[in-house]
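Here the structure comes first, spelled out in structure tokens, and everything after it is commentary.
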Amino acid sequence: MANAPYSPGAGGYFVKSTGAGTDADPYLVCRQTLDGDDASAGAKADAAASSDAGTFSLIALFKRLLVKFTGFTGTAGSSATAVISVQGIASGTGMPVTGTFFQGTQPVSLASVPSHPVTVATQVGAGNMATSQVTVTTASGQLAASRATRRSITITNHGTTAVFFDSGTATVTKALLPGVLGASITLNVTTAVNAIVATGTQIVSVIEEFDS
């Protein structure tokens, strides 16, 4: 005789129809695993364990662990004093930090950090300018006197004779302004500037930028 179809029965058992089938016991075939079958694992409805050492299912103990974890980390949106709890410390109690620190004392606040002045440059260019033309000869002569507030000085050649210059006595072995009409050089110095030519004379123009 052919086997009869299985159908769910009470208590999670699958059975065959009464009086049918070829098994010696036509009723009990197998049983599905139900919530709570394993006493050690427990059931989904188990309450959280009330102690760490009592006799509880794994589900009950895990629920107790979740409760403790939530209590330690706090709840989003809670006040600062309720975020972390430490066993033996009352809620909201300050906890001093002790030990050896680089700062020496704790806590460190912004008030204890040294302040440093900051200078902000608001002026793009110099507030003053002075211009002149000087005839350079074969003897060292001054193009511009020293000026403490000078930002720059620009020297421009008006001809084709090379000009040599220096902060001290100028000689033909010093810095060179080429003998090219319009050749120029800008120096960011506050010292005096003197010039000389090897032969003849040469006119140069001088532009100084300086603050008051």
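Looking across SER152, SER146, SER184, one residue alone is among the hydroxyl-bearing types (Ser, Thr, Tyr) and without any contact (Cβ under 8 Å) to a residue 40 or more places away in the chain. It is SER184. The strands (runs of 3 or more DSSP E) located wholly in the range 173-212 that include 1 or more residues which are among the aromatic types (Phe, Trp, Tyr) occupy 202-210.
Candidates ALA82, ALA45, ALA49: the one that is modelled with pLDDT of 85 or more, surrounded by 12 or more Cβ atoms within 10 Å (Cβ to Cβ) and not basic (Lys, Arg) is ALA49. Scanning the range 144-197 for residues that are small (Gly, Ala, Ser), surrounded by fewer than 18 Cβ atoms within 10 Å (Cβ to Cβ) and in contact with a Phe, Trp or Tyr (Cβ under 7 Å, 6 or more places away or on another chain) yields a count of 1.
With respect to the stated conditions, ARG151 is part of a strand (DSSP E or B) and either modelled with pLDDT of 75 or more or not aromatic (Phe, Trp, Tyr) (or both). Note on the range 153-173: residues that are hydroxyl-bearing (Ser, Thr, Tyr) and closer than 22 Å to GLU209 by Cα amount to 3.
The values are calculated or read from the model by the stated rules, or taken from the named source; none is laboratory data. Everything quoted here is computed from the prediction, not taken from an experiment. Every residue, glycine among them, receives a Cβ derived from its backbone with ideal geometry; neighbour counts consider all protein chains shown.
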